[in-house]
Each structure stands twice: as structure tokens, then as C-alpha cells.
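The values are calculated or read from the model by the stated rules, or taken from the named source; none is laboratory data. Keep in mind that what you see is a predicted model, and the values were worked out from it rather than measured. With ideal geometry, Cβ positions are generated from the backbone for all residues, glycine too; neighbour counts draw on all protein chains shown. Keep in mind that these areas ignore ligands, DNA and RNA; they rest on the heavy atoms of the full protein, side chains included. Shrake-Rupley method; radii C 1.70, N 1.55, O 1.52, S 1.80 Å.
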Amino acid sequence: MKYECIRSAYGKKLVEAGAVNKNIVALEADLGKSTMSCMFEKAYPNRFFEMNIAEQNMAAFAGGLALTGKIPFIHSFAIFASGRCFEQIRQSIGTAKLSVKICGSSCGLSDFGDGATHQTIEDIAIMRTIPGMVVLEAVDANQVEGLVDAVVAHDGPVYFRMNRSDSPVLTQPGEKFEIGKIYTMREGSDAVIFACGNMVSIALEAADLLEKQGVSLKVLNVSTLKPLDHEYIKSFADGMKAVLTAEEHSVIGGLNSAVCQAIAGSFVGPVVAIGMNDCFGFSTLDYQTILNYFEFTPERIANDVVKSLGAK
Amino acid sequence: MKTVDIEQLNKKAALIRYYVTKMIGANKKGHFGGSLSVADILSAIYFYKMNYDPKNPKWDGRDRFFLSKGHASYAQYAALAILGVFPENELYKAKQVGSMLQGHPDMNKTPGVEGNTGSLAQGISLAAGCAQGLKLDGSNSKVFVVLGDGEIAEGQVWEAATAASCFELDNLVGVLDNNGLESTGVIAERHCIGDIKAKWQAFGWHTIEVDGHDMQQLVNALDASDEIDKPVMIIANTIKGKGISLAENVAAFHNGMMNSEDFDAAIEQLESQL
């Protein structure tokens, strides 16, 4: 499988978008080499603002820029972008519906080495609670390019999270990204898994394993965590014997919560949540080790599917 | 230089105080203290200094105003009504369901409000970002922001102060409503705030200290800010509750209440200043 860096693709795409739309400006909190906003800085030094390690001011300052018609992209690690400046995003950006774009980089457990302080398992939950906030996660380097176009075009605040590690390429280049669309990555008829980000490729591997056992798993790439139409989500669960959700995020408040809110009262089968079970991560020397520890693996997903079908 | 009629500006400040008091009413809690202390400052900014067309509050070439101490919103609403941005009768519908006037400023509900402020410290960041955006556009517009002295305990204020000086935002003018009181008492007695002037200077701002109830001094300071090539903080020493004797320098009137008798006396006192 081919792997590519989502962050690098993002940085390159933001530069391209900045050439077309001169209102795009970028703000950074001293993590430009990680978030890859450094590419925008190099291309357009006059439209780049190093806000230094002061995320709260960065968020509200970006709101001020948006008041003059700019389209500010603010950058930090996902935990700081969503957590440190939650209230600034809520008040200065959210209540005013300002068109500020918030990039939460190194999301989930992908900052494996830095440990619990820098891993982000709450950002989807936090951002979903802000009225009017759009919440996105691209599955690969191709999709993030379409995501940037969609984010620029959307009139209003958007939060998008990005994995730090190189990610398997699952989509074609040049595909249009539609906010609110759930992408079917693999057809299936026994069970359906709603997955986002890094979990999509793991779910696809699980589907391969299950096929050998005669079990058919439908795999969805939920690149929009909000807004998600309830009837639309229900249409994917209809006729399935089990529903699963998989996210590199807490099982509280994220993708699982979004899906459960939609299918509550209509879907009668088992629903399995794969995510962080109300616990923090820790430091590891490589990404795979922490993914294995928390059982973000094809084998675990396949096992959960089989168990859930047996429970029916 | 614009002509200035100090007496008129004083009367408009008095009118702001009168409207604020009438808006809150008798036997109801409201942010009297900070709304009354800031009235002269708002009068000098809105009715003298700002380049503003009340008939076209979204005109691109306008100066911008942000009330970072958003709990004094009634004073801002009074000023906007006096300017004619919206009718006076809207003032008396404040906080009612469907009203354009919220407890704290809301740009999507109130004509003339430039940003959503009142979660303390955020207004100065918004103002600085707005000043930066105007500079990118090559605009000559200025951005005014009013902060409270209780508010500057927030770390974000100093993040914004650093950014404004780092980005050389010479189109940004702050006024600190330095009334010495916060909700629960005298700030200096409750928490060491330090040398306010030295702090702003250390963060790269030019400071001018004035009596915040002396209109001539306020006007002179605002005019002087035009000539400074860095962000300016006008430290305006004020009296919380200014204009109503029983509210002056009383911390409880931060968000206080008057009984009918006191309210009538306050209105009488304010009317005498109109």
C-alpha cells in the first residue's frame, strides 16, 4: 500500500489555494514545521502571522482578521487548537459565525512520542458542541486537498483534524470533497462500520479478514463529523445486523456519539464503539505500538464484528 | 483637526448615563458601575474621534470600535442610539426575547457592533486582528478598543498586547477604563495588579494617562494617538458608578440594583446633567 503524508499535502494545497484566493491568511503558534503552515509562510510571508505560543490570542485575533474579509487558517496541535482556545473559538468565532478555519494537527494518538499531553482524543467532541461548527477529518493526502477547497468555500467556522503519520492512500487525486457526505469505501451487507481518519484503512483490512470468514463488512469513511444528517446516517444502518464505529478519539462525544444520536430509536441491533475508552494515552517509540496497545487493529475490529453478529 | 465642543460631549456622556440607568430600571440588577465609568470615554470616541457614518454603519472606510469590557454593553447601545444607528426605543427592549440588544455585544444582532465581546480579554484580540486586517488592505481606518482594569488580569490581554506591538499596529488605540474596582471589591486590595502603565510600556505600547472624566484630556489623548507609530493605550482613571452619587466607588454596583426611591433620585441627578 502507498503511504503519503497528509500534513505535507495540506501545506502544499494551502499554498495553491492562497494563490487563487488572496484573502487566505495563515496564523501559527510556533508549530509550523509540524502543521506544515511553514510552506504558506515561505510562499506568502506577508499573509502569514507567527502568533507565537499564544493560541488563545491567535484564535480571537483570527476572528478580527475575518471581520475584515480575510479567511484565516489557524494552526496548532489538535489538543491546543481545540482545547486551549475552546472558549475563544466559541465566543469570538462561533457566536459571531466568523469564517475562521481551525487546523488541529497531530490528532488522535499520532503524536505517539510526546505522550498524553500532546495526544488528542477529545477534539471532535469539543468542537461538535459549538453551534454551527463544521468538523472534518481527511482520510488521506488526496482527500485533504479537496478538503481545503471545501473549507475555503464554506462560509463559516470549520475545525479539521489531521493525522501526523504517513497515511495509506485510499482515494483518488482530484476528487471533490463534499461537506456532509459519507464515502463508501467498501460495500458490505452483514455489518457496517462508520470510521474516520486512520481507522478507515484499519477497517478496510478488517473487512478483508472478515471476507475470508464469509462475513461482509461495509466500510464508510466519515470525513465529516459534523454536520451529519440523521436520516442519512440511518440509511447506512438500515438492513444491517450490526453497526460499528471506529475513531482515534474518545468513545465519548465523537463519531460514536454522532452515529448513536442518529440511529437511536430506529436501529435495533448491537452497536459497537471502537475508540479510546475514557482513558489517556502514553508515550511510545513508534505509532504502531500505541495503536496495538489500544487494539486499533484489523484483528480486533474483525473480532468485534463477529462477536456482534453472534450476539444478534 | 476636528472642532471639538467639550460641553456637548459632556452632555452626551450624561445622556449615555441617563439611558443606561433607564434601561436597567428600578429594582432590577444591571451593570451600572462599569457602564457609568466608561460613559465619558465612549462619548469622546464615538461623538468626537471616530470616523463613522451612523447611516451606513458597515461603510468600509469607517473606524472600528470594540468594547472588550462587554458587560458595559448598555453604555455602547446608548451611544449607538444617540448616534442614530438604531432608534432609542430599541434601548428599552434590551434582553427581551427577540431584542437586538443582548447582555453582551453581538455583531449579528445589533447594528454598529463590530464583534462579539464580553468574554473578557477577547475583545482586544479581535481588535488587534481587525487592525491587522485593515493594514493588509492598505486602509487608513483606526481601531478603538476599551478594556476594563479588572479584565487585564487575563493572560490573553498580554498575548494580544505582545502581538499588537510585534506587528506594529499603529492603527490600534486602546482605552483602559481604570476605575479600580472589580465585581467583588477594590482590585489592588484583592490581587496585586502592579504598575499598569509600566506593564503596557514593557509590552511595547505607548501610554498616555488621563482623567477619564475630563473630556478635554480624553480628546487630547485620542488626538495625540494619531501621531504615535505604535499601539497606544490611554489609561483613563475613572470612578466606577460615576454620575450617580450612591453608586460611585461602590463595588456592589458592578452589577447592582436600586430600589425605586434611589432610582428616582438617580434619575433626577442624571437629568440635571443633561
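Quick notes on this structure:
- Within 10 Å of the Cβ of each residue in A:90-98, the mean number of Cβ atoms contributed by other protein chains is 6.
- Shape of the stretch A:3-168, Cα gyration tensor, a/c cut at 1.5: rounded
- ³J(HN,Hα) computed for each position of the stretch B:120-134 - Karplus, 6.51 cos²θ - 1.76 cosθ + 1.60, integer Hz, glycine/proline x: 4, 5, 6, x, 6, 5, 4, 5, 5, x, 5, 4, 5, x, 5
- Couplings 3J(HN,Hα) of the stretch A:158-167, computed from phi: 9, 10, 10, 10, 9, 6, 7, 7, 4, 10 Hz, in residue order, whole Hz [Karplus 6.51 cos²θ - 1.76 cosθ + 1.60, θ = phi - 60°; x for Gly and Pro].
- 1.4 Å probe accessible area per residue over the stretch B:176-274, in Å²: 48
- Take every pair of alpha-carbon atoms less than 8 Å apart whose residues are at least six positions apart; their mean separation over the length of chain B yields a relative contact order of 25 percent.
- Taking each DSSP H run with n ≥ 4 as -39500 (n - 2.57) and averaging over every residue of the protein assembly as shown yields -10500 deg cm²/dmol at 222 nm.
- The stretch B:161-232 and the stretch B:1-46 have Cα centres separated by 20 Å.
- Cα-based helix-to-principal-axis angle, B:6-24 vs chain B, degrees rounded to 10: 60
- Longest site-free stretch - chain B; sites: trypsin sites (Lys or Arg not before Pro), DSSP loop, at most 16 other Cβ within 10 Å: B:110-274
- Per residue value of the accessible surface for the stretch A:183-308 (all protein chains in place, 1.4 Å probe), Å²: 40
- Amide H contacts under 5 Å for B:Leu176, placed H, 5+ residues apart: B:Leu147, B:Ile234, B:Ile235, B:Ala236
- For the cross-link pairs A:Lys226/B:Lys95; B:Lys142/B:Lys199; B:Lys28/B:Lys240; B:Lys29/B:Lys109, the ones whose C-alpha atoms lie over 21 Å apart are A:Lys226/B:Lys95; B:Lys142/B:Lys199; B:Lys29/B:Lys109.
- Shape call, chain A: gyration tensor on alpha carbons, a/c limit 1.5: prolate
- For the protein assembly as shown, a simple Cβ point-charge model (Lys and Arg +1, Asp and Glu -1, everything else neutral) yields a dipole of about 960 debye relative to the Cα centre.
- Rounded Å value of the spacing that divides the Cα centres of the stretch A:286-312 and the stretch A:133-174: 25
- Spacing of the modelled spin labels on B:Leu274 and A:Lys307, each 7 Å from Cα toward Cβ, amounts to 7.5 nm.
- Take each residue in B:129-141, count the other chain C-beta atoms within 10 Å of its C-beta, and the mean is 6.
- Computing FRET efficiency as 1/(1 + (r/R0)^6) for B:Asn249 and B:Gln216, where r is the C-beta to C-beta distance and R0 is 35 Å, gives about 0.90.
- Proximity of backbone amide H atoms, modeled 1.01 Å from N, is registered between A:Gly180 and A:Thr224 at under 5 Å, excluding neighbours fewer than 5 places apart on the same chain.
- Charged neighbours of A:Glu137, selected by a Cβ distance under 10 Å, balance to -2 (K, R count +1; D, E count -1).
- Of the GluC sites (Glu not before Pro) found in the stretch A:166-247, those that fall in a DSSP loop while having at most 13 other beta-carbon atoms within 10 Å are A:Glu175, A:Glu178, A:Glu187.
- At most 14 other Cβ within 10 Å, DSSP loop - GluC sites (Glu not before Pro), the stretch B:104-203: B:Glu168
- Gyration tensor verdict on the stretch A:183-308 (Cα atoms; rounded if a/c is under 1.5, prolate if a/b is larger than b/c, oblate otherwise): oblate
- Treating r as the C-beta distance of B:Lys28 and A:Asp155 and R0 as 35 Å, the FRET efficiency rounds to 0.35.
- Summed residue charge, Cβ within 14 Å of B:Ala252's Cβ, Lys/Arg positive, Asp/Glu negative: -1
- The accessible-area ordering, largest first, of the residues A:Met240, A:Met276 stands as A:Met240, A:Met276, per a 1.4 angstrom probe.
- Solvent-accessible surface (1.4 angstrom probe) belonging to A:Arg300, in square angstrom, nearest 10: 40
- Under-5 Å amide H pairs with A:Ile24, H placed in peptide plane, nonlocal only: A:Ile71
- Taking every residue in B:101-112 and counting other chain Cβ atoms within 10 Å of its Cβ, the average works out to 1.
- The stretch A:183-308: relative contact order in percent, alpha carbon pairs under 8 Å with at least 6 residues between: 29
- Inter-label distance, A:Glu87 to A:Lys22: 3.9 nm, where each label sits 7 Å from its Cα along the C-beta direction.
- With a Förster radius of 41 Å applied to the beta-carbon distance between B:Trp59 and A:Gln288, the computed FRET efficiency rounds to 0.10.
- Inter-label distance, A:Gln213 to B:Asp5: 8.6 nm, where each label sits 7 Å from its Cα along the C-beta direction.
- Length added when fully stretched, A:Thr129-A:Arg300, from 0.36 nm per residue minus Cα-Cα: 58.6 nm
- Residues A:Phe296, A:Phe80, ordered by accessible area of protein heavy atoms at a 1.4 angstrom probe radius and largest first, appear as A:Phe80, A:Phe296.
- Cross-linked pairs A:Lys70/B:Lys242; A:Lys22/B:Lys93; A:Lys97/B:Lys135: Cα-Cα separations exceed 32 Å for A:Lys70/B:Lys242; A:Lys22/B:Lys93.
- Buried accessible surface for the A/B chain pair comes to about 1900 Å², total over both chains, computed with a 1.4 Å probe.
- Straightening the chain between A:Ala264 and A:His230 buys 11.3 nm, computed as 0.36 nm per residue apart minus the Cα-Cα spacing.
- With every protein chain in place, the stretch B:1-107: carbon and sulfur % of accessible area (1.4 Å): 47
- Degrees separating the helix B:260-271 axis from the principal Cα axis of chain B, which is the longest one: 50
- Ranking of A:Val306, A:Val192 by solvent-accessible surface, largest first: A:Val306, A:Val192 (1.4 Å probe, protein heavy atoms only, all chains present).
- Taking the C-alpha atoms only, the angle from helix A:55-67 to the longest principal axis of chain A is near 70 degrees.
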